[in-house]
Amino acid sequence: MNIKKIDSSFSTTGQIQPEDLAAIKQAGFAGIICARPDGEDADQPPFSKIEQAARAAGLNAFHIPVAGPLGEGQIIRFEEASKQIDGPILGYCRSGARAGSLHAAANR
């Protein structure tokens, strides 16, 4: 993982794997937000597998898929998810860009 800190409450990274969740928790994150739609790549694990591993590691997990321009509904869902995570959040997608865009749009 190549984690990029955006601010004290939010960081981004590219695609994570279920086995990464314990290390994400140990790095101090309280939850994850996935901005990647399921099935985008053949080798991408479905969000349900990531969510299961996140919950087992004690992390909140939310799926807000972004394909194309951000919509108001996605921004609202991001804001709501962020309020349910008590601590730093790791957002991810293929490269981290869409997760970062969600954070930026929600914090204008």
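Give the number of residues within the stretch 80-95 that are of a type in the set (Gly, Ala, Ser) and farther than 16 Å from Phe29 by Cα.
Going through the stretch 80-95 one residue at a time, the tally reaches 1.
Give the stretch 25-45 a look and list any residue that's surrounded by 12 or more Cβ atoms within 10 Å (Cβ to Cβ) and either aliphatic (A, V, I, L, M) or more than 23 Å from Ile76 (Cβ to Cβ) (or both), or say none.
Lys25, Ala27, Ala30, Ile32, Ile33, Ala35, Gln44, Pro45
Working only within the stretch 40-58, note down all residues that are under 14 Å from Gln17 (Cβ atoms), at pLDDT 95 or above and of a type outside the set (S, T, N, Q).
Passing the criteria: Pro45, Pro46, Phe47, Lys49, Ile50, Glu51, Ala53, Ala54, Ala56, Ala57.
Among the residues of the stretch 46-58, how many are surrounded by fewer than 22 Cβ atoms within 10 Å (Cβ to Cβ) and touching a Gly at 6+ places or on another chain (Cβ under 9 Å)?
Summing the residues that are surrounded by fewer than 22 Cβ atoms within 10 Å (Cβ to Cβ) and touching a Gly at 6+ places or on another chain (Cβ under 9 Å) in the stretch 46-58 gives 1.
Which of the residues that make up the stretch 80-95 are touching a residue at least 24 places away in the same chain (Cβ under 8 Å) and either of a type in the set (Phe, Trp, Tyr) or surrounded by fewer than 23 Cβ atoms within 10 Å (Cβ to Cβ) (or both)?
Matches in the stretch 80-95: Ala81, Ser82, Gln84, Ile85, Asp86, Gly87, Pro88, Tyr92, Arg94, Ser95.
Residues of the stretch 74-104 being under 14 Å from Asp7 (Cβ atoms), in contact with a Phe, Trp or Tyr (Cβ under 7 Å, 6 or more places away or on another chain) and among the hydrophobic types (A, V, I, L, M, F, W, C), which ones?
Passing the criteria: Ile89, Leu90, Ala99, Leu102.
The values are calculated or read from the model by the stated rules, or taken from the named source; none is laboratory data. Every value quoted in this text rests on a predicted model; they were computed, and no experiment measured them. A quick note on method: Cβ atoms are made from the backbone with ideal geometry, for glycine too, and the neighbour counts reach across all protein chains shown.
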